[in-house]
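Here is the structure we will look at, set down as structure tokens.
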Amino acid sequence: MTVSRDSDRGALAGLRVVDASTLFAGPMAAQHLGDMGAHVTKVEHPTRPDPARTHGAAADGVNLWWKTLGRNKRTVTADLSGPGGREVFLALAERADVVIENFRPGTLERWNLGHAELSARNPRLVLARVSGFGQVGPYRTRPGFGTLAEAMSGFAAMTGEPDGPPTLPPFGLADGIASLATAYAVMVALSARERTGRGQVVDTAIIEPILAMLGPQITRWDRLGTVQPRTGNRSVNNAPRNTYRTRDGRWVAVSTSAQSIAERVMRLVGRPELIDEPWFATGAQRARHADELDEAVGSWIERHTREEVVAAFERAEAAVAPVYDGGDIVDDPQFRALGTVHRIEDPDLGSTLMQGPLFRLSEHDGVIGFTGRPHGADTDEVLAELGFSEERIAELREEGQV
């Protein structure tokens, strides 16, 4: 089966990306670029596919996560540690704009595929290197995963109930944030290339991008010598801010970051007298009275259904959101209006729903041309495009190099 995409679709149409990364930040960065029209070629070991292919839920033996993570990527196999695989990888890099890899630092160099070798073949190449701890420093060769970044960044320390342990997210949060940072860094490097004519190395350490999401914890430590405590769903900056159970057993989340919203909420729940309390004047002071405010809001919400709560808050111009699961997202009119959920035809699963690209552009919609492909499905086609003869491809396969 030949897989192709319209050359004029997507803002990044014509950009060639080689994804030689696994689990999960690198592949997600490549996915983001592919969603915007880049032509992505996924390179995997001939006998050891990306472990993401077996992560999470499966339907009749078909992995579901891979169908999204691998979308818009043609799949090629090559053993980069061997001479034949090296030959294939150099041919790919020579024609590429971007290579994304997440081997342990020093691995590509050991295979004579480091930046020096790649840039000698293609001086315009942007090499994006994604690792747990970065390309330098005492931890550079340690195995690195998002979980470790969530621990070392301060996220786990500030997440969870006050009397409970540090809490990790049940999904790849640090990897996801690092994927966005990597995609952004790649575009910065490509923009610089327009001026200089040269590519460069992007060094993404997964422990770093998540830091930017966590506020001024470093500055706070420097100037005050304190750290943000664990507060569960509550905030130290405003209240009421929590999740609340409705009469029909569902949940909603309330936010009062703005003073005017906090006042509207108290009027709505029948406690306007609290607005006149001296401590109600700022978010930080309200947070010190979270027990009282949570009781006021929670006791009102528990007497109403989720639909009633959301409708009442909307009329009052107060901020509320239902706590959704996947089915709720699919049915929500706002997500439908945004076009968040896409229905894609998949050869294994048939008509399948998945989330779409991260944003919309007025002149270039994101494109999901096809879902995640089988391991090595496009090897022959891609190698032929690179100039490999049928005989040479057969030799490489016989040698276990592809």
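Before moving on, here are some points about what is shown:
- Principal-axis tilt of helix 25-35 within the chain, Cα atoms, nearest 10 degrees: 90 degrees
- Positive-pole candidate from Ala377, Gly134, Phe89, dipole of the chain, charges at beta carbon: Gly134
- Dipole of the chain, positive direction: furthest Cα of Ala174, Asn63, Ala52, with charges on the beta-carbon: Ala174
- Secondary structure note: in the chain, about 40% of the DSSP beta bridges are antiparallel.
- Dipole magnitude for region 286-402: about 600 debye, using +1 per Lys or Arg Cβ and -1 per Asp or Glu Cβ, origin at the Cα centre.
- Residues with amide H under 5 Å from that of Val126, placed H, sequence gap 5 or more: Val98, Val99, Gln200
- Ranked from largest, the principal axis spans of the Cα set of region 1-85 equal 37, 34, 28 Å.
- Stretchable slack from Glu295 to Arg360, in nm (0.36 nm times residue separation minus alpha-carbon distance): 19.4 nm
- Given charges at beta-carbon only (K, R positive; D, E negative), |dipole| of the chain in Debye: 920 debye
- Å² of accessible area per residue within the chain, as computed with a 1.4 Å probe and no ligands counted: 50 Å²
- For region 42-56, backbone phi angles converted through the Karplus equation (6.51, -1.76, 1.60; θ = phi - 60°) give residue-by-residue couplings of 8, 10, 10, 5, x, 10, 10, x, 3, x, 4, 5, 10, 7, x Hz, Gly and Pro being listed as x.
- Peptide ranges 284-295, 209-220, 15-26 listed from the most packed, as the mean C-beta count within 10 angstrom indicates: 15-26, 284-295, 209-220
- Where both bridge residues fall in region 1-85, DSSP classifies roughly 20% of the beta bridges as antiparallel.
- Rg and Dmax of region 316-381, Cα atoms only, in Å: 16.3, 61
- Orientation-averaged projected area, Cα convex hull of region 274-328 (nm²): 4.9 nm²
- Extension gain, Arg220 to Arg124, is 30.4 nm, computed as 0.36 nm per intervening residue step minus the present C-alpha separation.
- Region 358-373-region 6-39 distance, computed between alpha-carbon centres (Å): 10 Å
- GNM top mover of Asp332, Asp346, Asp378 - the chain, alpha-carbon springs below 10 Å: Asp332
- Coarse-grained scattering of region 93-134 at q = 0.16, 0.25, 0.31, 0.33 Å⁻¹, given as base-10 log I(q)/I(0) from a Debye sum over alpha-carbon atoms: -0.37, -0.85, -1.14, -1.20
- In summary, the convex hull built on the alpha carbon positions of the chain has an orientation-averaged projected area of 23.8 nm².
- Full-stretch length increase - Ala258, Val136 - with 0.36 nm per residue and alpha-carbon distance subtracted: 39.7 nm
- The angle separating the long axis of helix 259-268 from the principal Cα axis of greatest extent in the chain is about 60 degrees.
- Region 260-284 and region 45-64 have Cα centres separated by 51 Å.
- Cα-based helix-to-principal-axis angle, 306-315 vs the chain, degrees rounded to 10: 80 degrees
- Loop sites in region 309-376: chymotrypsin sites (Phe, Trp or Tyr not before Pro), DSSP, at most 12 other Cβ within 10 Å: Phe359
The values are calculated or read from the model by the stated rules, or taken from the named source; none is laboratory data. A quick note: this is a predicted structure, and the numbers were derived from the prediction, not measured. Ideal geometry is used to build each Cβ from the backbone, glycine not excepted, and the neighbour counts take in all protein chains shown. These accessible areas exclude ligands, DNA and RNA; they are computed on the full protein's heavy atoms, side chains included. Shrake-Rupley method; radii C 1.70, N 1.55, O 1.52, S 1.80 Å.
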